[in-house]
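The next block holds one structure in the form of structure tokens; read it before the comments.
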């Protein structure tokens, strides 16, 4: 378990103020917040690269607040992976063992095999793709068998396809061990898919800690709601896939998407709110997903309105103020929500 | 393709012309001396190359320069690391102080050094029974370190600044205490800057005359011998030694540059 109490740190113009957090054993914990919220600094304090001005950090009941990083048994992966450019992949992976005076070629080979990088062992980091560098960095850090894995924006430097595979890899790594993972990101979708619990961080403070879905469905205040409202993420199970047209069963209904996912797979369907159409009379259109629902929240966002519709599951839609006026939208109004199967991104 | 058809900017032509003037000023001055010596009086050059006192002076220059560079490395690398990584009160002042030897006239540096390290000096007096600086090898080295260490420190500091501190953090989190992170990550990544700084430092050390001649006229280093021969016997006696000094140092610099050019591999850019 990691326990953080009253952590403060001034950093040039910026400050972390009174951070209290508890992360449980085996938890995948995401710290989510906009750029400049102090997420990376918090992670670096946990790692021991800097010392807090006040406050305490405990890892497994042990007070590590003033311990140097090498004595904390934590694994840290920076956003740019920080591979040592003057060492080949094998030397990079071995580094942690080497520092402990251990030489175990078998372990290195096995870890490289697990992460599918055996063929890269003789290469130098600068010649690798982002995804390959990421896997090398993970192999290097996992080989020291850390108690805690700290990940700083691990997906944001990758292209979308590699993001999907890496996300699955992270989940798999976490499931295989009872490692505590603390993952920092500004991406809401990523947080919702991976996290057991989420801490939302803004302006150097933790503003909400809750189970992943609670943060999205019950944000504590409007700033958090604004920040969260980028995508609809719906968890479900694939019930059929015919030539790419995928049916996904949610709790109360079924939606259709286009994907390569196999029947029985547990997936997340992501839908951008601007791809959701709201109408007041039932319409016939090419959209494969049409649901009846009730407007439960309307919130202004600049020239747009964010409308939450409960159709058994909650859908966020983004429409112009003019459309809302023309449709006569108001709380409690029965509406039809539709979106195309191609607008649903399945991960 | 496009650039070749474009007429060059007039200002660029002016810049190219002025750059050529500078280049020719250096090349013509040195080449003229070498060529004239070879053409008009080759035997004198050959004689000088085999003269015992000449060989001794030039090797002394090289050797003392090498020792001065090693001392500068030991003292300069830690200073460079602190300046590259830490912010502290009066940092700008400390940086300026470390650069002072570059701007002080070298005879002035020599006088200052003699005041400290001479037989009656602040350090020279208590050390007298162990080590002498006046007219001694130690004095030559001290003078060389004083004038050339800033070149090394500045180059190495730039090298350290180019290394992302995240690499050091990562090494620490993987179990390296600070000294191991420094030894296995920071130093190798700064290798090219350390090499370049050492070459500059050594070059500056063996070309030093003003500070050395005041603290240690004897044993004579190369530049002192050239000066001594010039005063005693004139241009024709000193020039062969000057030519020899140029040829030897140039050869060594080119060799070291060639050897270290492959080190670029480590660099980010």
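The values are calculated or read from the model by the stated rules, or taken from the named source; none is laboratory data. Since we're looking at a predicted model, the values are computed, not measured. For neighbour counting, all protein chains shown are included, and Cβ atoms are generated from backbone atoms with ideal geometry for every residue, glycine included.
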Seminar exercise, completed: If we ask which residues in segment A:88-127 are assigned to a loop (DSSP other than H, G, I, E, B) and either without any contact (Cβ under 8 Å) to a residue 40 or more places away in the chain or under 18 Å from residue B:189 (Cβ atoms) (or both), their number turns out to be 11
For this session: Working carefully through the options A:272, A:306, find the one that is out of contact with any strand residue (DSSP E or B) (no Cβ under 7 Å at 6 or more places or on another chain) and not assigned by TED's automatic domain parsing to the domain that holds residue A:197.
Result: A:272
Exercise. If you go through segment A:85-122, how many residues are farther than 15 Å from residue A:144 by Cβ and at the interface with chain B (Cβ under 9 Å from one of its Cβ atoms)?
Worked result: 3
Problem set entry | Output for segment A:186-221, where each listed residue is surrounded by 15 or more Cβ atoms within 10 Å (Cβ to Cβ) and part of a helix (DSSP H, G or I) | A:188, A:189, A:190, A:191, A:192, A:193, A:194, A:212, A:215, A:216
Seminar exercise, completed: Restricting attention to segment A:24-67, the residues that are touching a helix residue (DSSP H, G or I) at 6+ places or on another chain (Cβ under 7 Å) and away from chain B (no Cβ under 14 Å) number exactly 8
Problem set entry | residue B:167 in contact with a helix residue (DSSP H, G or I) (Cβ under 9 Å, 6 or more places away or on another chain), more than 11 Å from residue A:70 (Cβ to Cβ), within 14 Å of another protein chain (Cβ to nearest Cβ) and assigned to a helix (DSSP H, G or I) | yes
Problem set entry | Enumeration of residues in segment A:128-171 that are part of a loop (DSSP other than H, G, I, E, B), in contact with a strand residue (DSSP E or B) (Cβ under 8 Å, 6 or more places away or on another chain) and in contact (Cβ under 8 Å) with a residue 40 or more places away in the chain | A:144, A:146, A:147, A:153, A:154, A:156
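To keep it simple, each residue is scored yes or no on (1) within 10 Å of chain A (Cβ to nearest Cβ); (2) farther than 30 Å from residue B:37 by Cβ; (3) free of Cβ contacts under 8 Å to residues at least 24 places away in the same chain; (4) under 14 Å from the mean Cα position of the chain (by Cα).
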| position | (1), (2), (3), (4) |
| --- | --- |
| B:151 | no, no, no, yes |
| B:155 | no, yes, no, yes |
| B:161 | no, yes, no, no |
| B:175 | yes, yes, yes, no |
| B:193 | no, yes, no, yes |
| B:208 | no, no, no, yes |
| B:222 | no, no, no, no |
| B:228 | no, no, yes, no |
Exercise. Are any of the residues in segment B:84-94 in contact (Cβ under 8 Å) with a residue 60 or more places away in the chain and part of a helix (DSSP H, G or I)?
Worked result: yes
